[in-house]
Amino acid sequence: MGMKQILGRLAGQTAVYGTSTIVARFLNYLLLPLYTYTLTTADYGVLTEFMSYIAVLQVLLTMGLETGCFRFANKEGYEPRRVFSGALAAVSTISAVFLLLMILFGRGLADSMGYGSYWKLYIYMGIILFSDCVTAILFARLRQENRAWRFAAFKIIKIAAEAGTNLLLFLWYPSYAAEHPGNLLSGLIPPSPDFSYPIFSILVSCVLCFLLFVPELLRLGFGTDRRTVKGLMRYSLPLMVAGLPGVINDFLDRVLFRFFNVDDSLWRSELGIYQAAVKVAVIMSLFVQMFRFAAEPFFFSGTRRKDFRQVYAAVMEYFVMFCMLIFLGVVFYLDIIQLIVGGDFRGGMGIVPVMLLAYMMMGMLFNVSMWYKLSDRPSFAIYITLAGLAVTAVINILFLPVFSYRAAAWGHFFSYLVMLLLSVLLGRRYYPIPYRWLKIGTVIVLGLLLYAVACVLPAGLPMGWSLFIKTCLLGAYLAGLYVIEKYFKTRHTLAHESKDSK
């Protein structure tokens, strides 16, 4: 199979995996107006805080076993079924322990954090994490077996259940609760919309997804092959230790709002505004996630090819090209896109370009970081992510009290930049891949120059003319990509001819 066929296969799998992710993000975009036009900025800030804890804990409880499963399922001497059943046994055990702790100590934890009347949310969080961590291993098995359509179907059902529950709770339940005060849900959620509605909706979707996987769960079973589990844990735990700072890095700023924001009385509102802007920029993160679902098993299975390093380098180039297209598409039409959030939240739209670039670097980091996974040096991930975490912490602690969410956005940017540079430098030494950084840098500079042109357009320009000019600039970017591709292809051909002549 040639390089074009390989890249085409990767693109096809990215599209299938991306179908579920696109649907999920699209529905989240539909929910974003529901949240931001219904909830206060403070309520949305509390929701953001809870979701940050869930994201960090999910990485801790899955223990890096998703990636470990891909590695050992493709490793000689290990049976894929035993690999996944062993991972399932480990994850389900630790998640069940966490759920029990939430049941026993959730009320006291809620009181200490100022959410005493919402103590049930901590039990909901335990159930969400148990369900999500178990199904994470099962979703990984579907990816390993290239069952992309089943993967997509389950993901879509899950997010549709979350969206549907949200719509019912926000649009129907308050009037129903007023007429039927003793209804079945009255002991689970309040009668008026607040931040607990989205969390309860996630709970419903996670439990439903878990039930969908019951047949797969019964067929796979819970294996306890000591050799397999020991090898899995030895490989995966360093990835978890590395992944935990990475996720903390993503969400640390949300936690620090409680302690370091400009105004102690407004930190929840500022956090809500910040999260709304992040949600607008999340389209870049969406593409990165789509790409990662398909690329991770592809990268591991492709090492048998003689030219796999050249393939990985080519993947990076096309990845960056598409990322810059997304960047320009969002920033050029931000005046229209921002209407999906309520008016109280639009003050934070200025950080959207910064977050888009940060997410792009996150995707580039995923590409270049494959060197320590493929070379069985996962411990390097710890040093790289800890460096990124240190950058995030320093920037937020120093500048969050002055610049609020603007400091948080730049903290993400510089954190991913530092991690990307470290990973590139270490990869050159331990697992060199022939990335054409001149070509990649040319693409990025082209996109940034066109963005700079859009920024200096006259402020009083009619919107119609502004959109027309920006659309022309987008066309100029595509034309520029054609020129760049042709130039570097010619340069590569001449270099080979010169080499052959010698």
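The values are calculated or read from the model by the stated rules, or taken from the named source; none is laboratory data. Since the model is a prediction, treat every value here as computed from it, not as a measurement. Every residue, glycine among them, receives a Cβ derived from its backbone with ideal geometry; neighbour counts consider all protein chains shown. Protein only, heavy atoms only, side chains kept; ligands, DNA and RNA dropped before computing areas. Shrake-Rupley method; radii C 1.70, N 1.55, O 1.52, S 1.80 Å.
Data overview
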item: Count of the range 471-502 residues which are over 17 Å from L438 (Cβ atoms), modelled with pLDDT of 90 or more and open to solvent by 60 Å² or more (accessible area, probe 1.4 Å); result: 4
item: Output for the range 434-470, where each listed residue is open to solvent by 40 Å² or more (accessible area, probe 1.4 Å), in contact (Cβ under 8 Å) with a residue 12 or more places away in the chain and of a type in the set (G, A, S); result: none
item: The listed residue being crowded, with 18+ Cβ neighbours inside 10 Å and under 21 Å from the mean Cα position of the chain (by Cα), out of A148, A153, A177; result: A148
item: Any hit, the range 150-157, residues being in a helix (DSSP H, G or I), at pLDDT below 95 and over 30 Å from P80 (Cβ atoms); result: no
item: T41 being within 17 Å of the chain's Cα centre (by Cα) and either open to solvent by 40 Å² or more (accessible area, probe 1.4 Å) or at pLDDT 70 or above (or both); result: no
item: Residues of the range 385-438 satisfying the condition of being within 18 Å of V241 (Cβ to Cβ) and not hydrophobic (A, V, I, L, M, F, W, C); result: T385, G388, T392, S415, S423
item: Test: residue in the range 344-362 that is touching a residue at least 60 places away in the same chain (Cβ under 8 Å), assigned to a loop (DSSP other than H, G, I, E, B), out of contact with any strand residue (DSSP E or B) (no Cβ under 6 Å at 6 or more places or on another chain) and not hydrophobic (A, V, I, L, M, F, W, C); result: no
item: Count - residues of the range 76-90 that are open to solvent by less than 80 Å² (accessible area, probe 1.4 Å), modelled with pLDDT under 75 and on the phi < 0 side of the Ramachandran plot; result: 2
item: Residue in the range 202-211 that is without any contact (Cβ under 8 Å) to a residue 12 or more places away in the chain, within 19 Å of S131 (Cβ to Cβ) and part of a helix (DSSP H, G or I) present; result: yes
item: Test: residue in the range 402-409 that is in contact (Cβ under 8 Å) with a residue 40 or more places away in the chain, under 19 Å from the mean Cα position of the chain (by Cα), open to solvent by 20 Å² or more (accessible area, probe 1.4 Å) and under 17 Å from L252 (Cβ atoms); result: no
item: Total residues in the range 426-472, condition more than 24 Å from F322 (Cα to Cα) and assigned to a helix (DSSP H, G or I); result: 7
